[in-house]
C-alpha cells in the first residue's frame, strides 16, 4: 500500500507536465503555418526513427524550431547516434541538426526520469512567472539534469534571463541555450 502512495505523486507530476506541454504546443504566438511546419518536421523525423530497426524512437526526443532540429536522449552506441543524426539531416524541411544525444549503456531509471520531469516543470513555471518572457515560444527539455532551451525570444535580455532561470533551478547540471533572438529569418 505504501508503494501506491509514493508512485501517485510522480504520475500526477508527469500528467501535469504532459498537459502543460500540450497547452504550450497549441498556444504558441508564432503564426500557425510556422508552428505546423515545425510539428510536421519533428513528426517526419520521428517517423524515420520508428522505421529504423536500429533506433529506439522512445530514447530520442525530437524538437524543431524554424527547421533546426534538436535531438536529445540516450543511445547504446555511436553508430545509432550517427544514424539518428543522418536520418534527421535527410528529412525534408530540416535546415540543421543539433546533436545532444548521449552514448551510454546505462538505462535511465524511473527516478531519474521523474527528476528530469520535475526540473522541466520547475523551469517552465519560473519562466511563466517572468513578465519579460513569452513562455509559449520557449521549449524546455531536460536529460540527466542537462537542460536545453530552444525557441525564440524577443531580446538578448530575455535569452539571458531564461538561461539564468534555468541555471538557478535546483537539480540542473548544465544549460544549453539554443534560444534565438528577434524575428524569424527567411
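When you look at residue 102, is it surrounded by fewer than 21 Cβ atoms within 10 Å (Cβ to Cβ), in contact with a strand residue (DSSP E or B) (Cβ under 6 Å, 6 or more places away or on another chain), modelled with pLDDT under 90 and not in a loop (DSSP other than H, G, I, E, B), yes or no? Quick ask: steps written out before the conclusion?
Values: surrounded by fewer than 21 Cβ atoms within 10 Å (Cβ to Cβ): yes; in contact with a strand residue (DSSP E or B) (Cβ under 6 Å, 6 or more places away or on another chain): yes; modelled with pLDDT under 90: yes; not in a loop (DSSP other than H, G, I, E, B): yes.
Taking the combined requirement at face value, the residue satisfies it.
List pairs: first in region 154-177 and touching a residue at least 60 places away in the same chain (Cβ under 8 Å), second outside any loop (DSSP other than H, G, I, E, B) and surrounded by 14 or more Cβ atoms within 10 Å (Cβ to Cβ), Cβ under 8 Å, 6+ apart or cross-chain?
Every condition considered, the pairs that remain are 176/100; 176/146; 176/147; 176/148; 176/149.
In region 121-139, what residues are in contact (Cβ under 8 Å) with a residue 60 or more places away in the chain and either closer than 16 Å to residue 161 by Cα or in the same structural domain as residue 69 (by TED's automatic domain parsing) (or both)? Full working, then the answer.
Step one: filter region 121-139 for residues in contact (Cβ under 8 Å) with a residue 60 or more places away in the chain, giving 121, 124, 134-137, 139.
Within region 121-139, 124, 134, 135, 136, 137, 139 meet the criteria.
Restricting to region 142-166, give me the number of residues that are more than 9 Å from residue 179 (Cα to Cα), in contact with a helix residue (DSSP H, G or I) (Cβ under 7 Å, 6 or more places away or on another chain) and part of a strand (DSSP E or B).
Adding up the residues that qualify gives 3.
Can you pull out every residue in region 167-186 that is under 20 Å from residue 129 (Cβ atoms) and either outside the structural domain of residue 115 (by TED's automatic domain parsing) or not in a strand (DSSP E or B) (or both)? Outline the logic, then answer.
Residues of region 167-186 under 20 Å from residue 129 (Cβ atoms): 167-172, 175, 177, 179.
The answer is 167, 168, 169, 170, 171, 172.
Here's a check for you: in region 120-141, which residue that is in a loop (DSSP other than H, G, I, E, B) and within 25 Å of residue 62 (Cβ to Cβ) is modelled with the highest pLDDT?
First, the residues of region 120-141 that are in a loop (DSSP other than H, G, I, E, B): 129-134.
After this cut, where a residue has to be within 25 Å of residue 62 (Cβ to Cβ) as well, the list is 133-134.
Details: 133: 87, 134: 80.
Among those that are in a loop (DSSP other than H, G, I, E, B) and within 25 Å of residue 62 (Cβ to Cβ), it is 133.
The values are calculated or read from the model by the stated rules, or taken from the named source; none is laboratory data. For clarity, every value in this text was computed on a predicted model and none was experimentally measured. Cβ coordinates were reconstructed from backbone atoms using ideal geometry, including for glycine residues, and neighbour counts include every protein chain displayed.
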